[in-house]
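Worksheet for the structure shown next.
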Amino acid sequence: MSLRIRASIILLVGTLLIPVATSSLRGLTHVLSCKSALSARFDVPIPAAGEDPEPVLLDPTVITRPAPGETTVPATTAPPTTLGPIDLLPPVAIGESVMLGAAPQLNAGGVQVNAAVSRQGSNLADVVGMMRAAGQLGRTVVIQTGTNGSVSDTTLDRIMSYLPADQTPLVVFLTVHANRAWIADNNIRIKQLPDRYPNVKVVDWDAESAQVAGELASDGYHLRTPNAKQFYANMIFTAIGRPDLVK
């Protein structure tokens, strides 16, 4: 074969291979470019409401379509509320024999009762102090004292010294009801407590007892009938913000 023919064949083969090589190089360049672009952020256009096609994503991203004229606002999560041991304690009612008569009804509503016959104000103050020291008093405490004898401001202040507002934001004091000489003065002092202690709320049992006057014992102040006992408990449930417990 002559030299001229060989040169013509080589030229013809080269002409045919150049486009193929160029195409392969372009494909390689395209693959490398796509791999590089995958690491960059990109936007997915979302058609307006009612238009097609709907966006389709192959990853867990969630797209929310805003209504016309509205803008999306990122959702916020409220911080978790942390409860301490004191927040988990039930309401506690501390009192005398009148309260003792309604103990089953109060217990049924989740109120723990510490009440005793013939308990004096100073004795009740001791009980409140011991219960506080033992970690048995929570955010709500109910107190009734003064039926069995005079209760001074000093004694009332001692009771409240164990019930600071930061630990017990609700202290419910009940007035007392009986045909005894010291009742009126005790009730005056009890009603004055909110003036000195913002966490004190007074419930006037002396006045409310008139609604069940015919269901009290022969002494005129102890609870006799189941209805009177439930009435007394309902009064406390309402005072501590639990009207759902009223029966």
_So, Pro91, is that one under 21 Å from the mean Cα position of the chain (by Cα) and either within 18 Å of Arg158 (Cβ to Cβ) or surrounded by 20 or more Cβ atoms within 10 Å (Cβ to Cβ) (or both) or not?_
yes
- Inspect segment 167-180 for any residue being surrounded by fewer than 16 Cβ atoms within 10 Å (Cβ to Cβ) and touching a Gly at 6+ places or on another chain (Cβ under 8 Å) and give the result as yes or no. yes
For Lys247, the lone unmet condition from (1) more than 14 Å from Met99 (Cα to Cα); (2) assigned by TED's automatic domain parsing to the domain that holds Val127; (3) surrounded by fewer than 13 Cβ atoms within 10 Å (Cβ to Cβ) is (2)
If you go through Asn148, Asn227, the only one that is at pLDDT 95 or above and assigned to a loop (DSSP other than H, G, I, E, B) is Asn148
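With respect to Asp185, determine if the residue is among the charged types (D, E, K, R), touching a residue at least 12 places away in the same chain (Cβ under 8 Å) and exposed (fewer than 15 other Cβ atoms within 10 Å of the Cβ). Walk me through it before giving the result.
On the way: among the charged types (D, E, K, R): yes; touching a residue at least 12 places away in the same chain (Cβ under 8 Å): yes; exposed (fewer than 15 other Cβ atoms within 10 Å of the Cβ): yes.
It is true that Asp185 is among the charged types (D, E, K, R), touching a residue at least 12 places away in the same chain (Cβ under 8 Å) and exposed (fewer than 15 other Cβ atoms within 10 Å of the Cβ).
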**Message:** Quick check on segment 190-209. Is at least one of its residues touching a strand residue (DSSP E or B) at 6+ places or on another chain (Cβ under 7 Å), in a helix (DSSP H, G or I) and among the aromatic types (Phe, Trp, Tyr)?
**Reply:** yes
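Going by the structure shown, is Ala134 surrounded by fewer than 18 Cβ atoms within 10 Å (Cβ to Cβ) and under 18 Å from Tyr221 (Cβ atoms)? Reasoning before the result, please.
Details: surrounded by fewer than 18 Cβ atoms within 10 Å (Cβ to Cβ): yes; under 18 Å from Tyr221 (Cβ atoms): no.
No, not satisfied.
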Residue pairs qualifying under the 9 Å Cβ cut-off, at least six apart or on distinct chains, with the first in segment 121-138 being assigned by TED's automatic domain parsing to the domain that holds Thr168 and under 13 Å from Val151 (Cβ atoms) and the second being of a type in the set (Ser, Thr, Tyr) and crowded, with 23+ Cβ neighbours inside 10 Å, are Gly121/Thr145; Asn123/Thr145; Leu124/Thr145; Ala125/Thr145
Here the residues within segment 103-120 that are surrounded by 15 or more Cβ atoms within 10 Å (Cβ to Cβ), part of a loop (DSSP other than H, G, I, E, B) and in contact (Cβ under 8 Å) with a residue 40 or more places away in the chain are Gly109, Val111
Picking from Gly220, Gly214, the residue that is surrounded by fewer than 17 Cβ atoms within 10 Å (Cβ to Cβ), at positive phi and outside any strand (DSSP E or B) would be Gly220
Arg132 meets each of (1) basic (Lys, Arg); (2) in a loop (DSSP other than H, G, I, E, B); (3) under 31 Å from the mean Cα position of the chain (by Cα) with one exception, condition (2)
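The values are calculated or read from the model by the stated rules, or taken from the named source; none is laboratory data. If you're wondering where the values come from, they're calculated on a predicted model, not measured in any experiment. Positions of Cβ are generated from backbone atoms using ideal geometry, with glycine treated the same way; all protein chains shown enter the neighbour counts.
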